[in-house]
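Here the structure comes first, spelled out in structure tokens, and everything after it is commentary.
The values are calculated or read from the model by the stated rules, or taken from the named source; none is laboratory data. Computed from a prediction, not measured in an experiment: that's the story for all the values here. No Cβ is skipped: glycine too gets one built from the backbone with ideal geometry, and neighbour counts run over all protein chains shown. Note: areas computed on protein heavy atoms with side chains; ligands, DNA, RNA excluded. Shrake-Rupley method; radii C 1.70, N 1.55, O 1.52, S 1.80 Å.
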Amino acid sequence: MANPKRKWSKARTARHRSNWKLSVPGLVECPQCHTLKLGHKVCKACGYYKGREIVKTSEA
Ligand SMILES: [Zn+2]
């Protein structure tokens, strides 16, 4: 069987590997205080998650 050496070129693989994780660190903007927070986690700045206050912050 004649098999192709590789499916994608080295350049394409390198490009893919170099940038796949840059935009997916799990960071989202908090809708409450608009700071960057971890996705699917309670915001550490304001204690909000899904529009409700989950963790009481010291100032409130
Ligand atoms: Zn917040």
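Worth a mention:
- Split the accessible area of the range 1-50 by element, probe 1.4 Å, and carbon with sulfur accounts for 57%.
- Between helix 10-19 and the chain: long-axis angle, C-alpha atoms, 0 to 90°, nearest 10: 0 degrees
- Mean Cβ neighbour count within 10 Å, used as a protection proxy, ranking 40-52, 4-16 highest first: 40-52, 4-16
- Ile54 versus Lys7: modelled label distance in nm, points set 7 Å from Cα along the beta carbon direction: 3.6 nm
- Taking Glu29, Glu53 and ordering them by how much accessible surface each has at a 1.4 Å probe, largest first, produces Glu29, Glu53.
- Normalised per residue, the volume of the convex hull around the Cα set of the chain (Å³): 114 Å³
- Percent RCO, i.e. relative contact order, over the chain, from Cα pairs under 8 Å lying at least 6 residues apart: 16 percent
- With all protein chains kept in place, the per residue accessible area of the chain amounts to 96 square angstrom at a probe of 1.4 angstrom.
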